[in-house]
Amino acid sequence: MKSFLDVEDLEVYQKLCRLHIEVCDLSHTWPVEERYEIGSQVRRSSNSSPAQLAEKNDDRHVRNKIEGVNRSRGEAAETIHHLYMAKEKGYLTPAVFESFRTRYKECIRMLNGLEKSLERKLPEGERRWVVGEQPDMYSDKIELDGAGWPDLKPET
């Protein structure tokens, strides 16, 4: 039995690859002057998200795999930003933007779960944080403080 999946076996990798293809198709419908500006940026970030997973998946060190997950999550968030700017410029409808945003946010949640499962493979003393959480930690019922971040108390 393998201790780690091949990157192609990861559902989040498959979803990110499909999203990249859709983003490419979408960006090629934008005005010519944008194909090399925001279009190029959104294509690169949408491809980089699954590529970061692929790059680090075969690494022998779990910490490096986690770094690939973190980078993938950042690229997915960057892609959402580029799509938002395209919506603001009128290149896609709010409904199309929301569809992509929802699917990218799902992938980000999946990447969070992958990161947690990889952290569990590290010896307890090497973990960056305690990999336990309160059941409502990620619910919609969390109160936000003035800065817009959840008011989460550090675990002791």
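The values are calculated or read from the model by the stated rules, or taken from the named source; none is laboratory data. If you're wondering where the values come from, they're calculated on a predicted model, not measured in any experiment. For neighbour counting, all protein chains shown are included, and Cβ atoms are generated from backbone atoms with ideal geometry for every residue, glycine included.
Go through (1) over 19 Å from the mean Cα position of the chain (by Cα); (2) under 30 Å from GLU126 (Cα atoms); (3) basic (Lys, Arg); (4) part of a helix (DSSP H, G or I) for ARG73 and report which single condition fails.
If we test ARG73 against (1) over 19 Å from the mean Cα position of the chain (by Cα); (2) under 30 Å from GLU126 (Cα atoms); (3) basic (Lys, Arg); (4) part of a helix (DSSP H, G or I), just (1) comes out false.
Under 18 Å from the mean Cα position of the chain (by Cα), small (Gly, Ala, Ser) and assigned to a helix (DSSP H, G or I) - does that describe any residue in segment 83-97?
So far as segment 83-97 goes, no, none of its residues is under 18 Å from the mean Cα position of the chain (by Cα), small (Gly, Ala, Ser) and assigned to a helix (DSSP H, G or I).
Could you grab me the full set of residues in segment 36-59 that are within 15 Å of VAL23 (Cα to Cα) and not small (Gly, Ala, Ser)?
Once the filter is applied, which keeps residues that are within 15 Å of VAL23 (Cα to Cα) and not small (Gly, Ala, Ser), segment 36-59 yields TYR36, GLU37, ILE38, GLN41, VAL42, ARG43, ARG44, ASN47, PRO50.
Taking the residues in segment 1-12 that are surrounded by 13 or more Cβ atoms within 10 Å (Cβ to Cβ) and in a loop (DSSP other than H, G, I, E, B) as candidates, determine which candidate is nearest to the chain's Cα centre (by Cα).
LEU10
Determine whether segment 13-31 contains at least one residue that is within 21 Å of HIS61 (Cα to Cα) and surrounded by 15 or more Cβ atoms within 10 Å (Cβ to Cβ). First the steps, then the outcome.
Keep residues of segment 13-31 that are within 21 Å of HIS61 (Cα to Cα), which gives 13.
Filter once more, keeping what is surrounded by 15 or more Cβ atoms within 10 Å (Cβ to Cβ): 13.
Looking through segment 13-31, at least one residue is within 21 Å of HIS61 (Cα to Cα) and surrounded by 15 or more Cβ atoms within 10 Å (Cβ to Cβ).
Based on what the data block shows, is GLY39 under 27 Å from GLY125 (Cβ atoms) and either modelled with pLDDT of 95 or more or part of a helix (DSSP H, G or I) (or both)? Break it down stepwise before answering.
Working: under 27 Å from GLY125 (Cβ atoms): no; either modelled with pLDDT of 95 or more or part of a helix (DSSP H, G or I) (or both): yes.
When the stated conditions are applied, GLY39 does not pass them.
At pLDDT below 95, within 27 Å of LEU10 (Cβ to Cβ) and in a loop (DSSP other than H, G, I, E, B): does that describe SER117? Outline the logic, then answer.
On the way: at pLDDT below 95: yes; within 27 Å of LEU10 (Cβ to Cβ): yes; in a loop (DSSP other than H, G, I, E, B): no.
Here the answer is no, as SER117 does not meet what is asked.
Looking at ILE38 and the list (1) under 18 Å from SER117 (Cα atoms); (2) touching a residue at least 24 places away in the same chain (Cβ under 8 Å), which single condition is not satisfied?
All conditions are met except number (1).
I'm trying to understand the selection: among the residues of segment 95-112, which are touching a residue at least 40 places away in the same chain (Cβ under 8 Å), of a type outside the set (Asp, Glu) and closer than 18 Å to PRO50 by Cβ? Even if it seems obvious, please write down each step before you answer.
Keep residues of segment 95-112 that are touching a residue at least 40 places away in the same chain (Cβ under 8 Å), which gives 96, 100, 103-104, 106-107, 110-111.
Right, trim to of a type outside the set (Asp, Glu) and you get 96, 100, 103-104, 107, 110-111.
Passing the criteria: PHE100, ARG103, TYR104, CYS107, MET110, LEU111.
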